[in-house]
Each structure stands twice: as C-alpha cells, then as structure tokens.
Amino acid sequence: MRRTLYGNVVATLMCVAVLSFAGDQPANSRLQSAVTRAMGGRRGTAVVLDVQSGNVLATYHVDVAARRVVHPGSRIKPLTLLTLLETGKVDANTALVCKRPLMIAGHRLDCPHPDTKEPLEPAAALAYSCNSYFTSVATRLTPAQLRAGFVQDGFTSPTGLAPREAAGEVALAQTPEQLQLQAIGEWGIRVTPLELVHAYRKLALLSEKNNDAKPASLLFEGLQQSVTYGMAHAAQPAAPMKVAGKTGTALADEGPWTHGWFAGYAPADNPEIVLVVFLENGHGSDAAALASKLFAEFAAIHDDRSAKTAARPQ
C-alpha cells in the first residue's frame, strides 16, 4: 500500500545512495551558518536536505545524525497516520473526543493540547498531537501492518547519506498496549535523525504529488496546521512563508528525561527543503524554536532568489 501512495517517489530516492555527504563543504553557506548559530554548541544534531535532489545543504554534528538511535516520540505520528489512511482504517470522518487522563502500560500520556470538547478529526488530531486519538485508532491496525509501514518508511535501513551509519529498529508488538505505544513512538521503534529526515523527505515529495481528493491530503493538512496553531507553532518563522512539520518529545532510555525533536519542510505548499532538529535532554518545543530560525534564513534566501529572478531582463 505504501508503494501505491509513494508512486515514483521511491524511484526518485534511489539517487540518494550515491550522493556524497556535504557536511564539510555545505552547498549553502547561509543555511550552514544559520544551523551553526541556532544550535550554538547544544548537544544534538540538525540536518537540512534539498527536497528534490536529496543533497545535504547544512549539518550540525553529523556523527550524531548518523549514529544516535533513539525513540522518535510524537514525531512518528504522521507516519502512523499514513499507514492508517493507506489501509482505510481512518478517513476524514474519523473523529474522536480526546480522553483525559490517559495511562497505558504504566506510561502517563495526558495530552498537553487545549482541552477541546469537540471531536478531533485526523488533521486536527495530528496538529494537536493528540495521544488519546492516536492510541485509540492505532488498535485498528494489526502489529504487522504498523511495523510494515515503519519499515517501508526506512526506519530499519541506513539512508546512504553518511558513512558508518547505524540503522534503526522496529519491533513487532505483542500486546495492544505495545501497539498503542509504538504508534506514538514510545515503544518498539528507535531511529536515527538521518532516517527521520529521510522519511520526511519522502513525505515532502509525496505532498507535491497529492491533491485534496486523496486520503493523504489529511496528513499534509495536519502537518501544516501543527505549525499554524498546533503543538509545533514555535517552528513558524517571522516570515510570510508557511511551513509544515511535527514536534516530538520522547522518553530517554538512559534516564528519567526526554529528548526533543522537530522535523518538517518548507514551503508547506511546494516543499524545497526538509530538516530535522534533535536535542539531547530537551523538548519538542525547544527543537521547534530552533527550527524556526532555520526556516527564517531559508525564507530570506528564497526571497533574495525571487528578487534576483524578477530583476533579470526578460
């Protein structure tokens, strides 16, 4: 099913394996400078890719991006939603009221989004990163379906973007509770930042081939709404350009703290870059705030390029 939705996207990505990693001499010095300033010595990593070519435009701590394997947290929900849409388990009419509090297998998962009494449909549930929604609808999938979706998204394979890459891990859930936790990135799935940005590049390419009549349009609507008013609102730069993306705050394996994620692309309606920010001992909102600085620099580059094009003699 994933192949049907991706169409020619997978074929396009075959070129990625032969691309050289541009971390030492980035193709875009302005973006590289923005990444270096934004990360400011923080523990973690950031990677910016060109959507069409797959070229790496800017990086921070490449070794972390290639070899750090951790839980993705809520950043995985768009891929869970894609599997649900592909398999017909969820559609535009699948609306549920968020239930608070939420406890699954000893994990306290109360939703941090506004306490709305209205049922949430898929796009709004993604925008609000509603744990109640996703853990409820996840039980409509079999463990094999959810695992197969994540494997097709590339979470068990090196991307070819860097040497000596680690590979992520996707387990097969044995209980309904494990399935629910896996669907929100808190059990049974561990990924590298490179695998994550690689998967979001595929989403960005897929969004270009999508239209409002296709089920996947709900996914892209949710990613844009996540930045417009949802849990990833800190990623919106102070610029007219709209961006799309998702935060994630994942439990650490090493101790009682969390790691912060943001992954997304811009412009939202015609993606040109895709990026991931991962922060050790952080939160998704922290990663989104750093991503907004990178999007702001890209928006300025985009505006400068457009002005130069307009100024050329016709």
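Just so you know, all these numbers are worked out from the coordinates, no wet-lab data involved. The structure presented is a predicted model; accordingly, all values stated were derived computationally and were not measured. All Cβ positions, glycine included, derive from the backbone under ideal geometry; neighbour counts span all protein chains shown.
Once you have a ≥ b ≥ c as the square roots of the Cα gyration tensor eigenvalues for the range 168-208, tell me rounded if a/c is under 1.5, and otherwise prolate or oblate according to whether a/b is larger than b/c.
prolate
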Mean Cα-pair separation over length for the range 121-219, i.e. relative contact order, pairs under 8 Å, 6 or more apart, %: 29
GNM flexibility winner over the chain from His71, His113, His198 (Cα, springs under 10 Å): His113
Helical segments meeting 20 Å axial Cα length and Kyte-Doolittle 0.5 threshold in the chain (DSSP H): none
Relative contact order of the chain, pairs being alpha-carbon contacts under 8 Å that are 6 or more residues apart, as %: 22
Gyration tensor verdict on the range 131-236 (Cα atoms; rounded if a/c is under 1.5, prolate if a/b is larger than b/c, oblate otherwise): oblate
GNM flexibility winner over the chain from Tyr133, Tyr60, Tyr229 (Cα, springs under 10 Å): Tyr229
The chain, helix-only ellipticity at 222 nm - DSSP H runs n ≥ 4, -39,500 (n - 2.57), divided by all residues, nearest 500: -11500 deg cm²/dmol
Segments 235-241, 126-132, 52-58 sorted - mean Cβ within 10 Å per residue, highest first: 126-132, 52-58, 235-241
Part-to-part distance (alpha-carbon centres) for the range 181-231 and the range 60-139, which is given in Å: 11
Per-peptide average of other Cβ atoms within 10 Å, ordering 139-150, 77-88 highest first: 77-88, 139-150
